[in-house]
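The values are calculated or read from the model by the stated rules, or taken from the named source; none is laboratory data. What you see is a predicted model; the values in this text were computed from it and never measured. Ideal geometry is used to build each Cβ from the backbone, glycine not excepted, and the neighbour counts take in all protein chains shown. We work out accessible area using only protein heavy atoms, side chains counted, and drop any ligands, DNA or RNA first. Shrake-Rupley method; radii C 1.70, N 1.55, O 1.52, S 1.80 Å.
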Amino acid sequence: MTRWLRNFIDGLGFLIQVLIASLALGLVVIVLLQVFYRYVINSSLAWPEELSIVLFIWMGFLGASILAKDWEHVSITLVIDVFSNRTRLMILIAIKIICIVFLLVLCYFGFILVNGSFHAILTSVVSSSKWGKLAIPVSALLMTIFILDSVTEDMSRFFRSGAKDPKEPN
């Protein structure tokens, strides 16, 4: 893989991690602010709950894309571990290609959902639920990019002499 593409993928992953950390910090501040207003001042704010939900949705979906970057989602390898390294790598490539197809379908229907007409109005933050739903296609697209990168690395490893264990780093 070319160096600029590797730098782009790594930079994108780092940017997403910074965004997730920022969203988490914002979520903590908003919840603490709501607790302070509710129990100390005895006057509850209207907007923290809705904004917290949207931030939490984005954190979850962006976090899933970061897990896809390093192929760290939960997996049961009981069956795949009985095969040789080369066969295991072929199976892993096939699984990743199936994931890419699923994610592209998810991205397509996610954008249809976002562009649809059924959106609740988040009255306290004066916004639409469209912003929370946008996390679906955006994260699916990010996961597709990251898994596609992983597939190209696995395929180059496969075609090199003696495919190494897919769990080993490059």
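Observations, loosely collected:
- If you count Lys pairs in the chain whose Cα atoms are under 23 Å apart, skipping same-chain pairs closer than 8 places in sequence, the total is 6.
- For the chain, the solvent-accessible area of protein heavy atoms averages 64 Å² per residue (probe radius 1.4 Å; ligands and nucleic acids excluded).
- Surface composition of segment 1-79: carbon and sulfur atoms hold 72% of the protein heavy-atom accessible area at a 1.4 Å probe.
- Cα long-axis angle, helix 3-39 against the chain (0 to 90 degrees, to the nearest 10): 30
- More than 22 angstrom apart: percent of Cα pairs within the chain: 56
- Full extension of the segment from LEU15 to THR152, taken as 0.36 nm per residue of separation minus the current Cα-Cα distance, would add 47.1 nm.
- Here's the picture: charge each Lys and Arg Cβ at +1 and each Asp and Glu Cβ at -1 in the chain, and of LEU33, PHE102, LEU51 the one pushed furthest to the positive end of that dipole is PHE102.
- Acute angle (nearest 10 degrees) that the helix 85-115 long axis makes with the longest principal axis of the chain, alpha-carbon atoms: 30
- Based on C-alpha pairs under 8 angstrom that are at least 6 apart in sequence, the chain has a relative contact order of 29 percent.
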